[in-house]
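One structure is given below, encoded as structure tokens.
Just so it is clear, none of the values below were taken in a lab; they were calculated from the coordinates. Just so you know, these numbers come straight off a predicted model, no measurement behind them. As a convention, Cβ positions derive from the backbone with ideal geometry for all residues, glycine included, and neighbour counts pool all protein chains shown.
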Amino acid sequence: MAMTTPVQMDKSTGTMSFIMPSKYWGDGLAEAPPPAEDAGVALQARDGEQVAVSTFGGYAVGSVVARKTDELLASVAQSEDWELVENTTRLLQYNDPFTVPWKRRNEVSVPVRRREVQVT
């Protein structure tokens, strides 16, 4: 199977995830190719969610990721329509290591939900 994209890193757990192609999303990943027994990999279906995302190019180095994450969290905090579900930020990388910086795509994301409307 070809490499999947994006590769996702969860900041709070350090877990690396590979997003399977959509053709495997139904039936709890029953159609997905099984990992080798000694691979240390497990298939896991996750519920859908809404996320706020900031996209950026270049290499996803620590200082850039931290700045983009801070900007994203500040943007959500200032939003009148959205709020954090939890501060679980993720880094998503779409390119192989040999892609030149100006063609690279990265994202930071955080789960959000619509704010409840306060009726007075």
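Worth pointing out:
- Whether the stretch 23-97 is rounded, prolate or oblate, judged on the alpha carbon gyration tensor where a/c under 1.5 counts as rounded: oblate
- With a cut-off of 16 Å on the backbone N, the residues of the stretch 67-105 near the modelled label site 7 Å out from residue 117 along Cα-Cβ are 80-82.
- In order along the stretch 54-60, the Karplus-derived 3J(HN,Hα) couplings, from 6.51 cos²θ - 1.76 cosθ + 1.60 at θ = phi - 60°, round to 10, 9, 8, x, x, 7, 8 Hz, and Gly and Pro are given as x.
- Pairs of Cα atoms nearer than 8 Å and 6+ residues apart set the relative contact order; for the stretch 1-41 it is 26 percent.
- Taking 85, 41, 65 as the candidate residues, the one with maximal mean-square fluctuation in a Gaussian network model of the chain, Cα springs under 10 Å, is 41.
- For the stretch 10-18, putting each phi into the Karplus relation 6.51 cos²θ - 1.76 cosθ + 1.60 with θ = phi - 60° gives couplings of 8, 4, 6, 10, x, 6, 9, 10, 10 Hz, in residue order, rounded to whole numbers and with x for Gly and Pro.
- Value of [θ]222 nm, deg cm²/dmol, for the chain, DSSP H segments ≥ 4, -39500 (n - 2.57) each, nearest 500: -4500 deg cm²/dmol
- Taking the average, over residues, of other Cβ atoms within 10 Å as the packing measure, peptides 86-94, 32-40, 55-63, 100-108 rank 86-94, 100-108, 55-63, 32-40 from highest down.
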